[in-house]
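Here the structure is laid out as structure tokens; the discussion comes afterwards.
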Amino acid sequence: MDKVILLKPYFSHTLWGGTKLRDEFGYDEPGDDIGECWGISAHPSGEALADSGEFKGLKVSELWNDHREIFGNAKGDRFPLLIKIIDANKDLSIQVHPDDAYAAEHENGSLGKNECWYVLDCPEGGELIVGHNATSKEELCNMIDNGNWNKLIRRVPVKPGDMIRIDAGTVHAITAGVCVLETQQSSDITYRLYDYDRLQNGKLRPLHLDKSKDVITVPAAPVNEQVIRGEAAKDNTVTELVKTDYFTVSKVRVNGECSFETDADYICASVIIGSGKVFGTEVKTGSHMLITAEGAKNVVMSGDMEIILSRV
Ligand code: ZN
């Protein structure tokens, strides 16, 4: 079995996308509205494909369904994670996601969506929308009904290297100029709360106010539980950034030779800066890969780069 399988991403073009994914991450994708690179995905809305080794050309869902040995002892009816790079050239709508129980009941058995963002780039003084200021469900509903958005939403300052935890039920939005690597459950269920009254093809995009009111957590979790400030990572050491019931996300800054042991069945890895090798396979900024069960026990990297690792 190969120890690493490179992946070919799926790209999503959006109202708020731009050109940074091509210009700065080197993806060969046309258009000036590239919003998201789904680097590691088995979601039917956009699958990544194996791009190296004996399984080249297969979808990640096919690897999961037909070649489960790649994923060690992992169980489940679907590949659980989705790793994206998101370039917000304009503000994204203010939104919230349901948890597994609500999604299973109201969204055809879909998974819910817990997610987190590693901030890759943001403007000087950049802010993200994380949480809200309502103290009761009643106050929340009043603010939504009256369009009192400035009072409702909570803005938090962020810097590159920060990790933002967005549990299901958290009001959130990525703002213009911010670029993040997102690790999330494999789900595409979003309830849009407010879209700045923007038009797409002459029309407002639909809002989902009732479902939003159902799922928003009140009061919001405190900022210090949701924003984990980036610290200087030690070279060639795995630094854990966030751990939830759904995923653990870590960072490694590779400088020269680097190897480490893990107890993961498999690892999703994404190069965010620089270039190097993973088990001898050349990778560079923007490369996404699966480190298979064979490789995950003892991961070997070299070069000069930073990699984000996501695992269940
Ligand atoms: Zn989201």
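Values as computed for the structure displayed
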| item | result |
| --- | --- |
| Any hit, the range 203-215, residues being within 13 Å of the ligand (Cβ to nearest atom), in a helix (DSSP H, G or I) and surrounded by 20 or more Cβ atoms within 10 Å (Cβ to Cβ) | yes |
| Positions within the range 291-312 being open to solvent by less than 10 Å² (accessible area, probe 1.4 Å) and of a type in the set (Ser, Thr, Tyr), in sequence order | 292, 310 |
| Complete set of residues in the range 64-108 that are over 30 Å from residue 204 (Cα atoms), open to solvent by less than 70 Å² (accessible area, probe 1.4 Å) and either in contact with a Ser or Thr (Cβ under 9 Å, 6 or more places away or on another chain) or within 16 Å of the ligand (Cβ to nearest atom) (or both) | 70, 71, 72, 79, 80, 81 |
| Hits in the range 112-124 - residues which are surrounded by 14 or more Cβ atoms within 10 Å (Cβ to Cβ) and more than 13 Å from the ligand (Cβ to nearest atom) | 118, 119, 120, 121, 122 |
| Single match in 127, 138 (criterion: open to solvent by 40 Å² or more (accessible area, probe 1.4 Å), more than 24 Å from residue 79 (Cα to Cα) and within 19 Å of the chain's Cα centre (by Cα)) | 127 |
| Residues located in the range 175-194, provided they are in a loop (DSSP other than H, G, I, E, B) and away from the ligand (no atom under 14 Å from the Cβ) | 176, 177 |
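The values are calculated or read from the model by the stated rules, or taken from the named source; none is laboratory data. All values derive from a computational prediction rather than experimental measurement. Methodologically, a virtual Cβ is constructed for each residue, glycine included, from the backbone with ideal geometry; neighbour enumeration extends over all protein chains shown. Calculation scope for accessible area: heavy atoms of the full protein, side chains included, ligands and nucleic acids excluded. Shrake-Rupley method; radii C 1.70, N 1.55, O 1.52, S 1.80 Å.
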